[in-house]
Amino acid sequence: MGALQYFFYLSVAVLLLGLLYKAIKIARMPIHLRWDLYPIPHEKGKGHYGGSYFEELDWWTKPLKVSLVSEVKEMSKEILLIQSLFHHNRFLWLSSFPFHFGLYLLVGFLFFLLLGAILNLSGIVIGVSSESAVGVAVHYLTLLSGLAGAALGTLGAIGLILSRVFKGELRRFSVKADFFNLALLLAVFATLLISLVTVDRDGAIHRALAGNLITLKPTGEMPSPIPLELFLAGFFFLYLPFTHMTHFIGKYFTYHKVRWEDHPNLKGSKIEKAVTEYLGYKLSWAAPHIKAGSTWAEAATDTSPVTGEEKKK
Amino acid sequence: MSSKKVKVTDMSNNKGQLTELNPADFLPLPPPYDKLELEPKMKPLTPDQKQRYECDLDGIAAVMIPRPKSDEEKKILVDKFLSGLTKLFNKEDNWTFIQALLLTMEYCAKCQTCSTACPIFEESGGKEIYRPSYRADIMRRLYKKYIKPGGKVFTKLTGDDIDVNWEMIARLAELTYRCTLCRRCAQTCPIGADNGLVTHELRKIFSQEMGIAVKQLHEVGSVQHIQKGSSTGMTPLAFKDNVEFMEDEVKERTGMDFKWPIDKVGADVLLLHNAGEFLAWPENPEAFAIILEAAGISYTLSSDLLGYDGVNYGLWYDDVQLARVALKHIETAKKLGVRKIVLGECGHSHKALTVIADRILTGDYNIPRESSLTLLADIVKSGRLKLDKSRNEDIYVTLHDPCNVVRLMGIVKPQREILRAIAPKFREMTPHGVENYCCGGGSGFAIMPNTNFPDWRHSVAGRKKLRQVLDVFQDVIGPEHKKYVCAPCSNCKGQIRELFSAYGVFERCNILYGGLVELIVNAMTDIEKPFLEWDWH
């Protein structure tokens, strides 16, 4: 195996561990105070107009009505179509949608490559002339997702870069890292697109590469620009966990654990148990009205330093 | 410097005022305010004020931070700010919001979608410093530089660096009081980042670490609330006197002669008003008393310290103060043994006690809290009141949705069900419901009278609401038509009162503002005279 192949394995490992670390780190943070933002789609029968269980008289005496279907529907529209951008920032959506949809298609491309490689290993030929319908289907799906994903991604990345260069409100807030991130993704999309329309028009080389990678066999010689493509993809995987581009993880938490998190704190609940622990945390805030070293429970109930006079002395 | 091209890094410069405000730049209002001469004047600060207070953001001194007298004093303040910043990302000091804050710090894509939703940015004519992302980008750069490992090196490489000096921090302190925390920006964010939360958390650094807060929110706000019983300064004795006065007034206006229940142990409901109502709009608690009496609701008011004032200013700037006030409210309810607390027409007290404080109310402190809008809708729908909607027939009514009750709590329908039952000429503003616009007085603005801040509040923060009101009544805008903005929130009413006064809206357009309960009582057939006193507003 060559250095490039080792580098790629390292990148994938860093990517997976990095994403896992980020998700765990966020998930293990203390439960915050409620910070609901309506509409909340899982409010059954009310989500469509932004209503909540607070509209019910004696709401705590009634079972909470939750519609997971509505929540999944809303989340799907947001993830697949980026609907908030469509509604509130159509100009950027024109680039952002193809960019993100291209990425989703490339995730599909990876899936079909791996599936094709596994089917190949089990003796099923992948290609137009395959005797297996599955082999033919995987061939077309691989090519379709790869070509469409790379093309849309390329267009989207170019659009986003141009937007950041020429639109003042974006340019003023863009830093070197923003341009680097987009340029890197453009390079990944473009090299894949070039390789699929030049040296690997049936996707067989990519499939063989995927097979070699998962079976830990040397990748061998690959026609240009596929080695560059592998390097760029590896570099992207290595770099991704350290950037805000992992917002696909963050978005789960911002939606499900912040703006749509409307669980009331009921007596004897897990929330109550966790908060009871947090109330024992010690405060080190230095303003005069807070007694440093006191716990949250003490600070909230002891209002003697409320004016700060005591501390100033 | 053209204010439209101000960059985030300009916050640290020492070139004086960063942005000039000129009413000619603001978005034009609909008729009859489509002439610049009808625009209220924005008073510049006096030379003395400029010399004394930090005002280099936009020439407004809302917080009234004294200018440091020496470089040494500046350095101490900068160090304190950075110390507070660190605590914001420490789970012991900030378990209350660290998760939500960290998500917002990490994942913003700087797409500027939030700016399209911000009424302050839009109505100011696009002043760069008022972008929700402008404030958040400063905070994000600080986070990347001072909180993330290796931040001082990496921010230079990525371009996220920012110079931290007193000039920047002083401007930032003012900038945290140019956002009403309405969170409309967060609603549009594709990633779910929350620039309103950034404002909230920055205010906490200033208050909880540096002891810097707007006097009306802290010293004569939450501190006075805890010490004297009300942020208005009203003592328990004064509260009882006020109730007696209101009982007499109800008798005089309606002929109904009854005692208001105070400190009634074992009542079903503790009704918690914003004490500002007793002083500024006594007709509101009077209307509540009339409705609850007529509907036969078992309720009580409290004369305990804090028990007669449901406000909680800590919500806007300080978690510790928020917790202190919330616990006192609950203790009042515990003492009276009520089944539930019902919040009067005050948006932020709704959110503070029902939603935000929910998770600090453990064990027997977890007494149910409910909106009065829900209870009122139930009363109206149940037929317990004799109502005749034709008594409101000559009034064009629109509804202002308080952000805290609607976008931030999801109470949308009850107030509309009531209005449809009592106001034949009810019409909705655009947009409304959870997409509503803030009155411009949110997050404490309505009670902040410092220097020239009220001018800014009228002309910039409240401009969108004024536009909405004028738009919704445009076909009947002349003074011959009676019009009413129903604002079921004390804070919003305070802002609308000042806004209407600054623009002469009542005189020019005959638009009155008030609460929801007043309109309900106005429709009650048991009461002979109209409850709404149109000429005495």
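The values are calculated or read from the model by the stated rules, or taken from the named source; none is laboratory data. If you're wondering where the values come from, they're calculated on a predicted model, not measured in any experiment. Every residue, glycine among them, receives a Cβ derived from its backbone with ideal geometry; neighbour counts consider all protein chains shown. When the accessible area is computed, the model is the full protein with side chains, heavy atoms only, and any ligands, DNA or RNA have been set aside. Shrake-Rupley method; radii C 1.70, N 1.55, O 1.52, S 1.80 Å.
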For segment A:249-268, how many residues meet the condition of being open to solvent by 30 Å² or more (accessible area, probe 1.4 Å), more than 8 Å from every other protein chain (Cβ to nearest Cβ) and not in a helix (DSSP H, G or I)?
2
Can you tell me how many residues in segment B:184-227 are farther than 24 Å from A:LEU37 by Cα, open to solvent by 10 Å² or more (accessible area, probe 1.4 Å) and more than 9 Å from chain A (Cβ to nearest Cβ)?
4
Given the conditions (1) open to solvent by 10 Å² or more (accessible area, probe 1.4 Å); (2) in contact with a Leu (Cβ under 9 Å, 6 or more places away or on another chain), and given that B:ASP388 satisfies all but one, which numbered condition is not satisfied?
(2)
Any residue at all in segment A:12-25 that is closer than 18 Å to A:GLY250 by Cα, of a type in the set (Gly, Ala, Ser) and either in a helix (DSSP H, G or I) or more than 11 Å from chain B (Cβ to nearest Cβ) (or both)?
yes
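So which of A:ALA233, A:ALA287 ends up being touching a residue at least 60 places away in the same chain (Cβ under 8 Å) and either within 9 Å of another protein chain (Cβ to nearest Cβ) or crowded, with 19+ Cβ neighbours inside 10 Å (or both)?
Going through A:ALA233, A:ALA287 in turn, the sole match is A:ALA233.
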Please go through (1) within 11 Å of chain B (Cβ to nearest Cβ); (2) outside any helix (DSSP H, G or I); (3) of a type outside the set (S, T, N, Q); (4) crowded, with 19+ Cβ neighbours inside 10 Å for A:LEU160 and return the number of the only condition it doesn't satisfy.
(2)
Tell me which residues, restricted to segment A:112-149, are touching a residue at least 40 places away in the same chain (Cβ under 8 Å) and open to solvent by less than 40 Å² (accessible area, probe 1.4 Å).
A:LEU113, A:GLY116, A:ALA117, A:ILE126, A:GLY127, A:HIS139, A:THR142, A:LEU143, A:SER145, A:GLY146, A:ALA148, A:GLY149
Can you spot a residue in segment A:78-100 that is within 30 Å of B:THR113 (Cα to Cα), open to solvent by less than 80 Å² (accessible area, probe 1.4 Å), modelled with pLDDT of 95 or more and part of a loop (DSSP other than H, G, I, E, B)?
yes
Residue, farthest from the other protein chains (Cβ to nearest Cβ), within segment B:131-160, restricted to residues that are in a loop (DSSP other than H, G, I, E, B) and over 17 Å from A:VAL175 (Cα atoms)
B:ILE147
Which of the residues that make up segment B:103-130 are open to solvent by 10 Å² or more (accessible area, probe 1.4 Å) and at the interface with chain A (Cβ under 9 Å from one of its Cβ atoms)?
B:GLU106, B:CYS108, B:ALA109, B:LYS110, B:CYS111, B:CYS114, B:THR116, B:GLY126
What's the number of the only condition in (1) farther than 15 Å from B:LEU301 by Cβ; (2) touching a Gly at 6+ places or on another chain (Cβ under 8 Å); (3) touching a residue at least 60 places away in the same chain (Cβ under 8 Å) that B:GLY314 fails to meet?
(2)
Collect the residues in segment B:270-280 that are surrounded by fewer than 22 Cβ atoms within 10 Å (Cβ to Cβ) and over 16 Å from B:LEU237 (Cα atoms), keeping them in residue-number order.
B:ALA280
Residue check, B:PRO424 free of Cβ contacts under 8 Å to residues at least 60 places away in the same chain, in a loop (DSSP other than H, G, I, E, B) and either facing chain A (nearest Cβ under 10 Å) or of a type outside the set (Val, Ile, Thr) (or both):
yes
Let me confirm something: among B:ILE367, B:ILE360, which residue is among the aliphatic types (A, V, I, L, M) and under 23 Å from the mean Cα position of the chain (by Cα)?
B:ILE360
Qualifying residues in segment B:43-95 (those that are small (Gly, Ala, Ser) and farther than 30 Å from B:SER459 by Cβ) - the one surrounded by the fewest Cβ atoms within 10 Å (Cβ to Cβ)
B:SER70
Search result, residues across segment B:402-421 that are at the interface with chain A (Cβ under 10 Å from one of its Cβ atoms) and within 17 Å of B:GLY494 (Cβ to Cβ)
B:VAL405
Criterion: surrounded by 20 or more Cβ atoms within 10 Å (Cβ to Cβ), small (Gly, Ala, Ser) and at pLDDT 95 or above - qualifying residue of B:GLY494, B:GLY504, B:GLY478:
B:GLY494
Per the filter on segment A:1-29, residues within 26 Å of B:LEU103 (Cβ to Cβ) and in contact with a helix residue (DSSP H, G or I) (Cβ under 7 Å, 6 or more places away or on another chain) are A:SER11, A:VAL12, A:VAL14, A:LEU15, A:GLY18, A:LEU19, A:LYS22, A:ALA23, A:ILE26, A:MET29
